[in-house]
Amino acid sequence: MSDIDQSLEQLLSEASPRPVPHSADMSAARDAVRAEWQAVSGKHRSRRRMLRFAVAATVLIGVFSIFNQFRAPELNIIRVAAIQKSVGSIYVLGEQSELTLAGDLKAIHVGQTIVTGNDATIALAWGRGGSLRLDNNTQVEFRDDDSVYLKSGRIYFDSMPSELSAGISGGGIAFFEIETDFGLVSHVGTQFMTQVEAGELKVSVREGQVDVAGEFFDYRAESGEQVRFMGSQRPMVGNFPEYGPAWDWIGISSPSINLSGKSVYEFLEWAGRELGREIVFSTAAIEQEVKTVKLVGDINTAPADALRLRMATTDIEWRFEEGAIYVGKRE
């Protein structure tokens, strides 16, 4: 081997590998060269013409390779939730931390951060099942279709909401997590609130169980409990009613429901779940009766207001008794 050949071999061995062009571009280049080749080829093809087309093919593939490097990456936009109802000012947080009014936003996608104003609440139908609500002054980042990051404020999650709400899928959701700076909150078939405020994480359970993996301690919270995590202290656990003022904001964001063809019984079940109250019938006969009485129309008000308005048109009376909605026959 000559000195020149050795120098060329060494130079080529040190060169970085050529970028591999996109398969579609390679195919297009070959097709173009083949068509041109067939147009000029005959029984007597000259070696010079063959060389010219070979060089042309190499240049063409090289050009496609260059353009391929500047292709924009394919975007994989994942929708995680649909907006069912919003009240007040709802914002989307931008890349430069600027706030933009959500306006006619209909759905939430992975990577978006939603911020609610002082007067705002929002209800979302979670894509995999369940209902997610955001209270006022809350900031939530939607990281994937299984979890959210609660930066600040308060959210509520119901893994098995009423199917009377449009867009809600039945059957519940198997997995959902809320990430916070103070711990990871995972539902175990439940209704619960999670709040981050003043360096503290609070989880309040209305139904079922919730696992909280804190920075220093773990705890499984049960129905009627509230657990608080602050720094390296042991979790503070106390009784917490499943109904009452602390939960009232959830009713404000209750999505509208369609009652056409639905029974009073189904309506009461919806109201009870939204209010955290058990339905108690005065007699078995009353329970059977409300299953046969049908309703019509839509409801777009808070559950307590809906009870007053809709039940006034029937001969069924109701009242709140502790943690229950007591239902009987109107005298």
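Name the single residue, out of those in the stretch 274-331 being of a type in the set (D, E) and under 37 Å from the mean Cα position of the chain (by Cα), that is farthest from F240 (Cα to Cα).
Residue satisfying both the conditions and the ranking: D298.
For V237, indicate whether it is without any contact (Cβ under 8 Å) to a residue 24 or more places away in the chain, farther than 17 Å from S152 by Cβ, touching a strand residue (DSSP E or B) at 6+ places or on another chain (Cβ under 7 Å) and among the β-branched types (V, I, T).
yes
So which of S162, S204 is in contact with a Phe, Trp or Tyr (Cβ under 6 Å, 6 or more places away or on another chain), outside any strand (DSSP E or B) and in contact (Cβ under 8 Å) with a residue 24 or more places away in the chain?
Sole residue among the options that is in contact with a Phe, Trp or Tyr (Cβ under 6 Å, 6 or more places away or on another chain), outside any strand (DSSP E or B) and in contact (Cβ under 8 Å) with a residue 24 or more places away in the chain: S162.
For the stretch 123-135, name all the residues that are assigned to a strand (DSSP E or B) and touching a Lys or Arg at 6+ places or on another chain (Cβ under 7 Å).
A123
Output the helices (runs of 4 or more DSSP H) that fall wholly within the stretch 223-331 and possess 2 or more residues being closer than 30 Å to G88 by Cβ, or say none.
Output list reads 248-252, 264-275, 303-311.
Taking the options F216, F229, name whichever one is more than 18 Å from A125 (Cβ to Cβ) and in contact with a Gly (Cβ under 7 Å, 6 or more places away or on another chain).
So the residue among F216, F229 that is more than 18 Å from A125 (Cβ to Cβ) and in contact with a Gly (Cβ under 7 Å, 6 or more places away or on another chain) is F229.
Where a number appears in this text, it was derived from the coordinates with a stated rule and is not lab data. Values in this document were obtained by computation on a predicted structure and should not be read as measured data. Neighbour counts run over all protein chains shown; Cβ positions are idealised from the backbone, glycine included.
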